[in-house]
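Report on the following structure.
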Amino acid sequence: MKLLQLLPIVFIGLIAMPQANAIDIKQDNINACINGAVKYKVADKATASKLCTCTIGVRSKMTIGQMWEIESYAQSKKDPSTLPYVKKMQKDLQQCTVGLDLKQPQKPA
């Protein structure tokens, strides 16, 4: 689960990119995830691609309202992991790692 925490939860950049195609933004996030996973030696590029495509796919289904609710919970010092959709998302994210050879992150050389 620590590995999944390395991946971004909220993509603020979606708001800051005028005239950007949503598919391009999603692919940019997948590419950034792959680069980070390879840089920190979590996985080779092919494995990182599978992991990142899955995790970004899961997270891309989160609504803005859900993001706001999670943020509200966090600011109120409540545990957002108790929310039903967060539980489902965590389960889906864990499924993204099944069968993949992932390592603990290491500092780049």
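Points worth noting:
- With 26 Å as the limit on Cα-Cα distance, the pairs of K50/K78; K50/K88; K45/K91; K39/K87; K26/K78; K45/K107 that go past it are K50/K78; K39/K87; K26/K78.
- Rounded to the nearest whole Hz, the Karplus-based 3J(HN,Hα) values (6.51 cos²θ - 1.76 cosθ + 1.60, θ = phi - 60°) of the stretch 31-43 follow the sequence 4, 5, 4, 4, 4, x, 5, 6, 4, 8, 6, 6, 7, with x at glycine and proline.
- Phi-based couplings in Hz for the stretch 96-107 (Karplus 6.51, -1.76, 1.60; Gly and Pro marked x): 5, 8, 4, x, 9, 8, 10, 10, 5, x, 10, 5
- Computed accessible area, D24, all protein chains, 1.4 angstrom probe, square angstrom: 90
- 13 Å beta-carbon shell around K39, net charge (K/R +1, D/E -1): +3
The values are calculated or read from the model by the stated rules, or taken from the named source; none is laboratory data. None of the values given here were measured: they were computed from a predicted structure. Backbone-built Cβ (ideal geometry, glycine too); neighbour counts: all protein chains shown. Only protein heavy atoms, including side chains, enter the accessible area calculation; ligands, DNA and RNA are left aside. Shrake-Rupley method; radii C 1.70, N 1.55, O 1.52, S 1.80 Å.
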